[in-house]
Amino acid sequence: MHGKNWSKLCRDCQVIDGRSVTVTDVDIVFSKIKGKSCRTITFEQFKEALEELAKKRFKDKSAEEAVREVHKLIEGKAPIISGVTKAISSPTVSRLTDTSKFTGSHKERFDPSGRGKGRAGRVDLVDESGYVPGYKHAGTYDQKVQGGK
């Protein structure tokens with residue numbers, strides 16, 4: 001476990017109370033427990049570090065009781081996700097990303113559901129039907145002429 005993860009664990013599990021155990025105490029215990037050339041601690045060293053913090057956090061209790069209390073603080077806890085940004089939905093962003101409002105050649109890149117057409121939407125495929133690419137009613141001339149008679 002790295003020092004950053006150790007510090008986050010102590011913060012998330014409320015081992016750090018701000019009075020008897022501070023962030024500095026947690027960092028000092030980590031530095032004391034890890035080896036000189038190491039950046040991480042093993043599980044055995046982790047347990048040893050918890051014992052060190054237990055003595056500081058629960059001074060009025062015996063060493064065994066203090067360790068038990070720290071174990072209770074840590075048991076069954078998961079990391080708290082903090083500082084994660086959420087997607088915002090501002091009118092500007094929605095206007096720019098709504099494919100139904102696209103115009104011109106950009107409109108041709110998406111199907112009616114808003115899903116991209118892939119290569120067909122990006123590459124000009126040669127259409128020799130005689131109609132311009134953006135014309136939607138290609139092939140309906142005969143129907144109009146016959147319908148008009």
_Structure-based [θ]222 nm, the chain - -39500 (n - 2.57) summed over DSSP H runs of at least 4, per residue, nearest 500_ = -13000 deg cm²/dmol
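If each residue of separation counts as 0.36 nm, what is the full-extension length gain between residue 39 and residue 111 once their alpha-carbon separation is subtracted? Please report the intermediate quantities before stating the final value.
Details: separation 72, 0.36 × 72 = 25.92 nm, distance 5.31 nm.
Stretched fully, the residue 39-residue 111 segment lengthens by 20.6 nm.
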*Around residue 102, which amide H atoms from residues at least 5 apart in sequence, or from another chain, sit under 5 Å from its own amide H, with H modelled in the peptide plane?*
none
*Taking amide hydrogens as modeled 1.01 Å from N in the peptide plane, which residues meet the under 5 Å criterion relative to residue 110, leaving out close sequence neighbours?*
117
*Give me the angle, in degrees from 0 to 90, between the Cα long axis of helix 63-74 and the longest principal axis of the Cα atoms of the chain, rounded to the nearest 10.*
10
_Difference of contour (0.36 nm per residue) and Cα-Cα distance, residue 132 to residue 87_ = 12.2 nm
*Which value, in debye to the nearest 20, gives the size of the charge dipole of region 3-74 about its Cα centre, when Lys and Arg are +1 and Asp and Glu are -1 at the Cβ?*
240
*Classify region 35-121 as rounded, prolate or oblate from the Cα gyration tensor: take a ≥ b ≥ c as the square roots of its eigenvalues, call it rounded if a/c is under 1.5, otherwise prolate when a/b beats b/c and oblate if not.*
prolate
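The chain: Rg/Rh from Cα coordinates, Kirkwood Rh?
Details: Rg = 32.8 Å, Rh = 21.8 Å.
The Rg/Rh ratio comes out at 1.51.
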*Would you work out which of 5, 43, 93 lies farthest towards the positive end of the dipole of region 1-105? Charges go on Cβ: Lys and Arg +1, Asp and Glu -1.*
93
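Using Cα pairs under 8 angstrom and six or more residues apart, how large is the relative contact order of the chain, in percent? Intermediate results must be reported in sequence, preceding the final value.
Details: 93 pairs, mean separation 22.8, N = 149.
That works out to 15 percent.
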*Segment residue 72-residue 8, length gained on full extension (0.36 nm per residue, minus Cα span)*: 21.4 nm
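For region 3-74, what's the relative contact order in percent, using C-alpha pairs closer than 8 Å and at least 6 residues apart?
Details: 57 pairs, mean separation 22.2, N = 72.
It comes to 31 percent, rounded to a whole number.
Could you sort 30-43, 94-107 so that the peptide with the highest average Cβ count within 10 Å comes first and the rest follow in order?
Details: 30-43: 12.8, 94-107: 10.7.
For the peptides 30-43, 94-107, the packing ranking is 30-43, 94-107.
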*So what's the angle, to the nearest 10 degrees on a 0 to 90 scale, between helix 43-57 and the longest Cα principal axis of the chain?*
70
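Rule-based calculations on the coordinates, nothing more; no lab input. The structure presented is a predicted model; accordingly, all values stated were derived computationally and were not measured. Glycine gets a Cβ as well: all are built from the backbone with ideal geometry, and neighbour counts include every protein chain shown.
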